[in-house]
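Just so you know, all these numbers are worked out from the coordinates, no wet-lab data involved. Only a predicted model underlies this, so the values are computations on that prediction, with no experimental measurement involved. Because the Cβ atoms are built from the backbone with ideal geometry, glycine has one as well, and the counts that use them run over all protein chains shown.
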Amino acid sequence: MPETILAIAAHNDDHLIGAGGALAKYAQEGKRVVTIICSFGENSHPHLRKEVIIKRRMRETTKSEKLLQTTNHHYLELREGHFQEDFNTKKQTIIHLIKTEKPSKIFTHGLQDAHPDHRAVSRIIKELMTKQIITCPVYAFEIWSVFRIRKRNEPRLVVDITKTFNTKLLAVLSHHSQTLLVGMLVWKLIIKDALSGIMHGHRYAEVFPLITSTTTR
């Protein structure tokens with residue numbers, strides 16, 4: 001049975017921006033890459049009916065996941081702005097997925113992210129870690145943080161994404177409904193991944209701090 005890598009994201013483009021290069025690399029190595037997407041992002045276009053934007057974003061997810069060559073993706077259907085409240089009704093679903101997939105690594109949001117739904121996902125994952133439902137290593141990616149306070153000797157995972165950086169970029173840009181937000185973030189991710197690469201001897205790299213059940217920031 002191939003090793004399984006699990007990404008848990010608030011919205012359908014978050015894991016692409018934060019960890020798309022690593023996920024594409026793992027998929028190319030023959031690992032199973034599975035994503036859990038907490039929300040459809042139905043409030044991203046208030047001028048459109050929710051069912052319209054949901055269908056559009058689901059199509060974009062299918063396209064981007066195909067680019068990354070992921071194995072499968074699941075939606076939790078949490079309401080934006082109500083993640084913690086809705087999680088109580090969906091807890092058994094995510095527990096079932098985690099126990100079924102048996103991931104060797106999980107990538108998810110960090111607590112320093114400026115977006116409240118992103119932080120809510122991080123708190124949910126930490127709750128599952130504390131209860132030992134999640135026992136594998138969990139690594140954090142950031143989307144909206146302006147800067148991140150790093151602890152000295154903080155455990156972290158560095159992934160060389162030189163060969164998959166273009167795949168990551170194409171997957172992010174395939175979310176046409178998010179053109180404005182993607183446009184704001186794409187230059188940030190290019191610079192961040194390039195700087196991370198320089199710091200670790202690669203052209204492009206993604207760096208993920210290890211999350212522990214006692215992590216507070």
* **Span from the region 1-42 Cα centroid across to the region 56-116 one, whole angstrom** => 9 Å
* How large is the helix-only mean residue ellipticity at 222 nm for the chain, computed as the sum of -39500 (n - 2.57) over DSSP H runs with n ≥ 4, divided by its residue count, in deg cm²/dmol to the nearest 500? -> -15000 deg cm²/dmol
* Structure fact -> Once Lys and Arg are counted +1 and Asp and Glu -1 for all other residues with Cβ under 15 Å from that of Asp160, the total becomes +3
* Asked: For region 4-211, what Kirkwood radius comes out of the mean inverse Cα-Cα distance, in Å?
  -> 17.1 Å
* Asked: Between Phe141 and residues 5 or more places away or on another chain, which pairs have amide H atoms under 5 Å apart, with H built 1.01 Å from N, and which residues are they?
  -> Thr108, His109, Gly110
* Calculated P(r) of region 25-142 - Cα pairs past 20 Å, % -> 47 percent
* Structure fact -> Output for region 43-125: trypsin sites (Lys or Arg not before Pro) sitting in coil per DSSP, at most 16 other Cβ within 10 Å, listed by number, reads Arg49, Arg79
* Structure fact -> Amide H proximity to Tyr75 below 5 Å, modelled H, separation 5+ or other chain, gives Ile37
* **Residue-by-residue Karplus 3J(HN,Hα) for region 18-29, coefficients 6.51, -1.76, 1.60, Hz, glycine and proline x** => x, 8, x, x, 5, 5, 5, 5, 4, 4, 5, 7
* Return the sequence-ordered ³J(HN,Hα) values of region 169-176 in whole Hz as given by the Karplus equation 6.51 cos²θ - 1.76 cosθ + 1.60 applied to θ = phi - 60°, using x for Gly and Pro. => 4, 5, 5, 5, 6, 6, 8, 5
